[in-house]
Amino acid sequence: MNEYIKLLKEQGKLNISIDKTKEFNWRYTKIAGPCSVEGPEIVDIAKKIKSLGANAFRAGAYKPCTYPILKETNGWKEGLREEGLRLLQQVKEETNLPIVTEVMDASMIEEVSQVADVFQIGTRNFQNYTLLDALGKCNTPVLLKRGTWGTIDEILGACERILVGGNDNIAICLRGVVGMPNYRHVFPTIRWAPDLMMIPALKELTNIPIIFDPSHSTGYRNFVEPMAKAAISAGADGLIIECHPEPDNSISDPAQAIDYITLEKILNSTKPNNMDRRYG
């Protein structure tokens, strides 16, 4: 155990108690939805996903892309932005599902907070300290995605920046790390590798909830279901999954988007009574 982790344990800073009275309870969280808000059909997608058992809805109104020029060439300007937020508000009103959506910059917090029940912080902003400090001053829950390079102490350090500001309703999202290049010659859409051992490792050090993202962790839809089940078995508190009515036609990350049938299978196999078996 390195000196930083040892110091935090001695000071009791790794035993953060999540306030159960707050609106968003991370236990048994099953967040699902398309990568991006693509249009008005998002409302019907949310209704379907709710009927399958999801208890929160994800979709990006602001969607940072790895290759923005390529996306813009194809007519996609990194999300529908203000229109996307308006559509997510409609989703909330018609489904009563909590909305999980990305905030990219501290200057966007006020705008996105009008709709978001949970701020998603993308992997590229994992150590955006200006943003993390601002989130600490908010009351909105935060789903902090681990950077693809993030070590365990860097994960805890990023959480600490939010916690010391006063916002203790946070969860860590594990969404894959750099590695496993040997897969790419067979599965070219795989960019990251799932780090399942980080789940029990974090559980050893903190009670901050852990949400696993099997979509980004694998980059390949056929691997999403087995990795989701493996993460729950390893102790994850919930899942965040990309689902689309026509996965191959998803504007963002089509290779990792799953269909409704697969989503239903995952949600049925990770119900609370099944999830509790890991403690038995």
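Among GLY176, ALA228, MET197, whose Cα lies farthest out toward the positive end of the dipole of region 170-253, if unit charges sit on the beta carbon of Lys, Arg (+1) and Asp, Glu (-1)? Sorting the options by dipole projection puts first MET197. In straight-distance terms, cross-link reach from LYS92 covers every one of the aspartates and glutamates whose alpha-carbon lies under 19 Å from its own, apart from those fewer than eight places away in the same chain; here that gives GLU23, GLU38, GLU41, ASP44, GLU82, GLU83, GLU102, GLU110, GLU111, ASP117, GLU242.
Does region 25-275 classify as rounded, prolate or oblate by the C-alpha gyration tensor (a ≥ b ≥ c root eigenvalues; a/c under 1.5 gives rounded; else a/b over b/c gives prolate, otherwise oblate)? Verdict is rounded for region 25-275.
Any idea which of LEU267, SER51, LEU131 is furthest toward the positive side of the dipole for region 25-275, if Lys and Arg beta-carbons carry +1 and Asp and Glu beta-carbons -1? My answer, from the dipole projection, is LEU267.
Counting only residues at least eight positions apart within a chain, or on another chain, the aspartates and glutamates with an alpha carbon under 19 Å from that of LYS203 are GLU3, GLU10, ASP19, ASP153, GLU154, GLU160, ASP168, ASP195, ASP213, ASP237, ASP276. Once both labels are positioned 7 Å from their Cα atoms along Cα-to-Cβ, the gap between ARG184 and GLU204 label points is 3.0 nm.
Dipole check for region 132-222: with +1 at the C-beta of Lys and Arg, -1 at the C-beta of Asp and Glu, and the Cα centre as origin, the magnitude is about 400 Debye.
Is the shape of region 74-201 best called rounded, prolate or oblate, per the rule: a/c under 1.5 gives rounded, else a/b larger than b/c gives prolate, else oblate, with a ≥ b ≥ c the square roots of the Cα gyration tensor eigenvalues? Can you show the working numbers first?
On the way: a/c = 2.00, a/b = 1.24, b/c = 1.61.
In terms of gyration-tensor shape, oblate.
Any read-out appearing in this document is the output of simple, stated calculations on the displayed coordinates, not a laboratory observation. Quantities reported herein were computed from a predicted structural model and do not represent experimental measurements. Positions of Cβ are backbone-derived with ideal geometry, glycine not excepted, and every protein chain shown enters the neighbour counts.
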